[in-house]
Structure formats: structure tokens, C-alpha cells
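The values are calculated or read from the model by the stated rules, or taken from the named source; none is laboratory data. Small disclaimer: the values here were computed from a predicted structure and weren't measured. Every residue, glycine as well, gets a Cβ built from its backbone with ideal geometry; the counts of neighbours run over all protein chains shown.
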Amino acid sequence: MRRRRVAELCNLWHQGVSDAAPVAKGGVTRHGATGKWQAQVRFRGEVRWLGLHEEREAAERAVAEFRAENPNHRQRLLMSVRRNHVRAYDERTLLAERAQILDIRRMDREPVLRVDTDGGRQLRCGAGSEILTPEGWRTLGELGAGDSVMVTGKIPRPSEATIPPSLRRGIGVWTSMQRNRLIRPVDDCYVCRMSFARAELELDHVVPVARDLLKALDERNLAPICEPCHAVKNAEEQQLARRAGMIAAARPVPVVAIAKDGVEETYEVAVQAPAANLLANGMVLRGAC
Ligand SMILES: [Zn+2]
């Protein structure tokens with residue numbers, strides 16, 4: 001998928017979708033104690049009671065009127081775009097990857113900021129959204145000129161061939177020695193978050209050995225992984241190692257200017273874990289853009 005500005009991306013997802021989305025849930029139920037008809041809706045996470053009515057039709061009318069007066073844009077799910085992917089940044093592997101969009105929600109109007117980086121990259125995004133910096137996640141509103149943000153760029157692809165087989169074997173032996181100490185009798189796979197007995201878990205180098213040899217003997221880089229997830233991750237790493245030339249990773253780049261740029265409707269894009277973020281013009285974002 002080619003790169004697009006977040007606003008363009010979101011507008012694209014919303015094409016053909018009606019604005020008059022009803023309140024998500026609601027309806028009419030028989031009220032046992034009084035024998036009347038009770039009208040209620042669930043609106044923005046709260047239950048709104050719309051009274052007890054003698055006639056069922058009157059209760060249904062109350063629900064319909066509430067829905068007509070309160071179109072609820074936040075609840076709009078875009079089922080048709082669920083199979084689409086965006087570029088996201090995996091904080092564990094430090095690489096740009098493809099990730100599936102889970103949902104897009106239209107949010108309220110909010111101040112929009114324009115960020116210009118050293119090297120000429122540009123971004124427009126809601127002031128409340130978060131951006132990845134070398135110090136971690138910060139809201140765009142907290143950011144000033146001179147601060148750095150993480151920007152993806154190309155790095156040479158990791159190569160298994162640069163690690164001698166004897167060293168690789170040694171790393172393997174050391175890693176298996178840490179197993180009983182670092183994996184609890186029942187522990188969670190760090191990829192799928194499901195619980196397993198220790199016998200079903202292995203220790204995985206979160207940042208692969210081929211990518212960062214200095215992390216190979218760092219136990220903070222070891223995490224329990226279940227066998228199915230390990231198989232998937234190994235296959236992905238082998239595929240990555242076969243990719244020709246360069247791969248996408250992130251590095252800090254200074255912000256040269258950040259300025260208010262109007263007030264607009266923003267969109268929140270929910271992206272599949274583990275990345276759960278969105279790459280826009282090389283910058284890593286989460287929240288409403
Ligand atoms: Zn797993």
C-alpha cells in the first residue's frame with residue numbers, strides 16, 4: 001500500500017458510509033412491576049431512560065425520536081475496510097511492518113497541529129494524539145521545536161551470515177539456561193498474551209539476535225513465547241532476512257517547527273496489536289489524526 005496522509009486515508013475509508021448512523025443499541029422492554037413499556041437507549045456508553053409508556057408504540061416513538069436527534073458518529077464501525085492494512089511501527093522489533101486496521105472512528109473537532117521535521121517531512125494531526133519520540137509516547141501538544149520524534153528510514157537488512165555458527169550456538173545454550181529462571185511455572189506468551197505451562201513456552205529474543213547482537217545476552221530482551229507464536233515469528237524473521245537490500249527502521253529526527261493549523265474533525269484509527277499505531281509520513285502516531 002502506498003503512503004497517504006492520515007486525513008486522506010480516513011476520508012477514503014469513509015466513502016460511501018452514511019452519516020446518519022443510529023445510536024448503537026436501544027429498545028423497548030415490558031416493565032414487569034407496572035405493566036408499562038419502558039424505552040431506553042445506550043448512548044456514548046451510558047444508558048438513557050426515555051420513560052414508561054402505556055402503549056408500546058409510544059415507547060418505540062420515544063426511542064426513534066432520540067435516535068433522530070442524536071446521531072452517534074463515534075459508534076460507526078466500518079466493517080468493509082477491516083481487511084485493509086496500514087504501515088505501523090513495532091516497538092518490540094524496532095521495524096516498520098504492515099498491520100491490519102481494526103476500526104476507524106470519527107471524533108469531535110479538535111485543534112490540529114502541523115509538524116515539520118528536519119529533512120522535510122510534514123504531518124498534520126490532532127493536538128491530543130500521541131507521537132513516538134526517543135523518550136517514549138508524547139502528545140503532539142507537548143511537543144516543541146528542537147524536540148525529536150522517531151522517523152522511519154532505511155537500515156541495512158539484518159544478516160544471519162554475520163554471526164559465526166559457534167557464537168550462535170553459544171547464545172542458544174545461554175538462552176536455554178535462563179529458561180527456568182525467567183519463565184514462571186505458568187506464564188504468558190508475550191505475543192498472544194495467553195497463559196501456558198512452562199513446558200509449552202520457550203524464551204525468545206524480542207529484538208532478534210541477527211538485528212542486534214548486543215541484545216543477545218541481555219535478559220531484558222528475553223520473553224516467554226508459545227510454540228505457535230514462535231513458529232510464526234521465526235518464519236517472519238527468515239522472510240525478513242531474505243528481503244533484498246534495506247529494511248525500514250526508525251531513528252530520532254529533530255522537529256524544526258510546530259504550529260496550530262486550524263480546527264478539524266479527526267479520526268481515530270485502531271490498529272492491530274502489537275504495533276497498535278500508525279505510520280504517517282514516517283512518523284509513528286496513535287490517537288485521533
Ligand atoms: Zn503465543
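Listed here are the residues, each with its yes/no results for (1) closer than 23 Å to P165 by Cα; (2) at pLDDT below 80; (3) among the hydrophobic types (A, V, I, L, M, F, W, C).
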position: V207; (1), (2), (3): yes, no, yes
position: Q239; (1), (2), (3): yes, yes, no
position: V271; (1), (2), (3): no, no, yes
position: A276; (1), (2), (3): no, no, yes
position: M283; (1), (2), (3): no, no, yes
position: A288; (1), (2), (3): no, yes, yes
Here is a list of conditions, (1) modelled with pLDDT under 95; (2) within 13 Å of the ligand (Cβ to nearest atom); (3) assigned to a strand (DSSP E or B), and P224 meets all of them except one; can you say which number that is?
(1)
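Looking for something under 15 Å from the mean Cα position of the chain (by Cα), of a type in the set (A, V, I, L, M, F, W, C) and closer than 14 Å to C289 by Cβ - is there at least one such residue anywhere in region 109-128?
Going through region 109-128, the residues under 15 Å from the mean Cα position of the chain (by Cα) turn out to be none.
No; the residues of region 109-128 include none that is under 15 Å from the mean Cα position of the chain (by Cα), of a type in the set (A, V, I, L, M, F, W, C) and closer than 14 Å to C289 by Cβ.
Among the listed residues E135, E142, identify the single one that is at pLDDT below 90 and exposed (fewer than 14 other Cβ atoms within 10 Å of the Cβ). Walk me through it before giving the result.
Values: E142 fails: at pLDDT below 90.
Only one candidate passes the filter, namely E135.
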Just checking, does region 176-199 include any residue being within 14 Å of the ligand (Cβ to nearest atom), hydrophobic (A, V, I, L, M, F, W, C), surrounded by fewer than 18 Cβ atoms within 10 Å (Cβ to Cβ) and not in a strand (DSSP E or B)?
yes
